[in-house]
Amino acid sequence: MSTNILIVDDEKAIRDSLKIVLEEEGFKTDIASDGEEALQKLSENDFDLVISDIKMPKIDGMQLLDEASKKYPQLFFIIMTAYAEVKTAIDALHKGAYDYLIKPVEFDDIIARVKRLMDYRKLELEVKSLRGRISSDSGFTNLIGKSNSMKQVYNLITQVAPTNSNVLILGKSGTGKELVAKAIHYNSKRKDKMFLPINCGAISENLIESELFGHKKGSFTGAQEDKMGLFKVADGGTLFLDEIGDLPLNLQVKLLRAIEDKEFFQVGGTKPVSTDVRLIAATHQNLMEKIKSGEFREDLYYRLNVIEIKLPTLNERKDDIPLLVNHFIEKYSNEMGKKVIGAENDVIKILSSYEWRGGVRELENVIERAIIFCNSEYITPNELAENIKGSSVFHGYPDSLKDAVRNFEKEHILKTIKKFEYNKEEASKALEIGLSSLYRKMDELEIPTKSLSSDED
């Protein structure tokens, strides 16, 4: 998209010279001899920038600024003035002008200023576009669940959101860490500003510093122009640092400074850049273990971990599976134009007994696949992948009440001891049976006395 500039000056030599110079740089220009003619041209065409002299007949530059700013609030102004009129130029800045130039105008100077202004305008438009794309993902809309563990999460979000405190979200892959971060942001005082996510583990070590803090032109090979980092783009809003445990040690120091001093240096920069962002970090890793091994700074950990929110796995909140299933059925049936309205009870039983290593994300993929193959109003076990059906404890209805009781008992005990990481004493207390009774039940039901994964370790 080309930049359209209107040059306004009663001196023909000046406006013609500026027109030639700016058009050589690729800008589209038009000219006006005074404020009256300029207002007429502004009403006929769309302009991005007005470069105007102050002293002109009929309508001068200050009057033009006043009237045009009211009618065209997105329009930028650069005022040209003589040394004796600098105070007037400063008044123009107070009234909304972007910049001013002292006559006689240096062409290199005005070209540099116009380019800088247009870069700023481009970034502003990109930011507005990004804000529009993410604003729909707000509130608690995409957080599904009524289990006790999820209610605790909702309660923490409600308490934390109105503050400016940094938050550390812990949880395995697929637990919804970014959704929680968005819920915090969109229920905070910063909700009208940017929410910017960045995955610290998905960007190479050579590039992540530039992504976070920006860089100056020529600071490294390939840095062909100045770049504003996400810390500055998100100014006034929230920056979500996912997989913070993967952040290189040398950048952890710089991040700590940005948090403590609210300023940072761009790559190749010599002047500090101020910023006001709220930080929400997340990880699936054990940061305390990484601190012990020297891979993560302890001081940074405590700066990030003002408030800690630990998300339950799907296996820890299986009561939410029916809600999640219905949510994903509605989502993907609408996307695919199908009339699937639910899942059979057998499907819910199979999904509730399955061990979800991939969390909610894995469940979503399972439902998406089922919708593809479903040709009726309800998903049946036939539409589930074989690994889901084959790994499930549930294999249809048992032949007798005795078998049904046995299957339920086995599933419940297994779920409980896994919850307590095979600590039988804690599991027996939760089940409200004696330790010897638990061992006897485990033997009868062929439940292993320790995790199979621990054997492999």
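The values are calculated or read from the model by the stated rules, or taken from the named source; none is laboratory data. Predicted model only: the values in this text are computed from it and were never measured. Positions of Cβ are backbone-derived with ideal geometry, glycine not excepted, and every protein chain shown enters the neighbour counts.
Sort out which residues of the range 223-254 are under 22 Å from Lys115 (Cβ atoms) and over 14 Å from the mean Cα position of the chain (by Cα), and write them in order of number.
Result: Ala223, Gln224, Glu225, Asp226, Lys227, Met228, Gly229, Lys232.
If I ask for residues that are without any contact (Cβ under 8 Å) to a residue 60 or more places away in the chain and either crowded, with 19+ Cβ neighbours inside 10 Å or under 21 Å from Lys103 (Cα atoms) (or both), which ones from the range 1-16 would you list?
Across the range 1-16, the qualifying residues are Leu6, Ile7, Val8, Asp10, Glu11, Lys12, Ala13, Arg15, Asp16.
Quick test for you: out of Ala84, Ala89, Ala112, pick the one residue that is out of contact with any helix residue (DSSP H, G or I) (no Cβ under 8 Å at 6 or more places or on another chain), modelled with pLDDT under 80 and more than 20 Å from Ser33 (Cα to Cα).
Ala84
Going residue by residue through the range 384-397, is there one that turns out to be outside the structural domain of Lys177 (by TED's automatic domain parsing), at pLDDT 90 or above and touching a strand residue (DSSP E or B) at 6+ places or on another chain (Cβ under 6 Å)?
no
Which number in (1) touching a residue at least 24 places away in the same chain (Cβ under 8 Å); (2) out of contact with any Asp or Glu (no Cβ under 6 Å at 6 or more places or on another chain); (3) under 25 Å from Ala183 (Cβ atoms) marks the one condition that Thr275 misses?
(2)
Can you tell me how many residues within the range 171-205 are under 14 Å from Gly236 (Cβ atoms) and assigned to a helix (DSSP H, G or I)?
Count: 1.
Hey, among the residues in the range 44-59 that are surrounded by fewer than 20 Cβ atoms within 10 Å (Cβ to Cβ) and over 38 Å from the mean Cα position of the chain (by Cα), which one's nearest to Met118 (Cα to Cα)?
Out of the qualifying residues, it is Glu44.
In the list Leu247, Leu251, Leu256, which residue meets the criterion of being among the hydrophobic types (A, V, I, L, M, F, W, C), touching a Leu at 6+ places or on another chain (Cβ under 6 Å), modelled with pLDDT of 85 or more and within 20 Å of Leu300 (Cβ to Cβ)? Break it down stepwise before answering.
Working: Leu247 fails: touching a Leu at 6+ places or on another chain (Cβ under 6 Å); Leu251 fails: touching a Leu at 6+ places or on another chain (Cβ under 6 Å).
Within the list Leu247, Leu251, Leu256, the selection yields Leu256.
Determine whether Ala161 is farther than 24 Å from Ile291 by Cα and within 15 Å of the chain's Cα centre (by Cα).
No, not satisfied.
Condition first: modelled with pLDDT under 90, surrounded by fewer than 16 Cβ atoms within 10 Å (Cβ to Cβ) and polar (S, T, N, Q). Now tell me which residues in the range 259-294 satisfy that.
Thr270, Ser274
If you check Ile198, Ile169, Ile157, Ile184, which single one turns out to be within 30 Å of Phe220 (Cβ to Cβ) and aliphatic (A, V, I, L, M)?
Numbers: Ile169 fails: within 30 Å of Phe220 (Cβ to Cβ); Ile157 fails: within 30 Å of Phe220 (Cβ to Cβ); Ile184 fails: within 30 Å of Phe220 (Cβ to Cβ).
Being within 30 Å of Phe220 (Cβ to Cβ) and aliphatic (A, V, I, L, M) holds for just one of Ile198, Ile169, Ile157, Ile184, which is Ile198.
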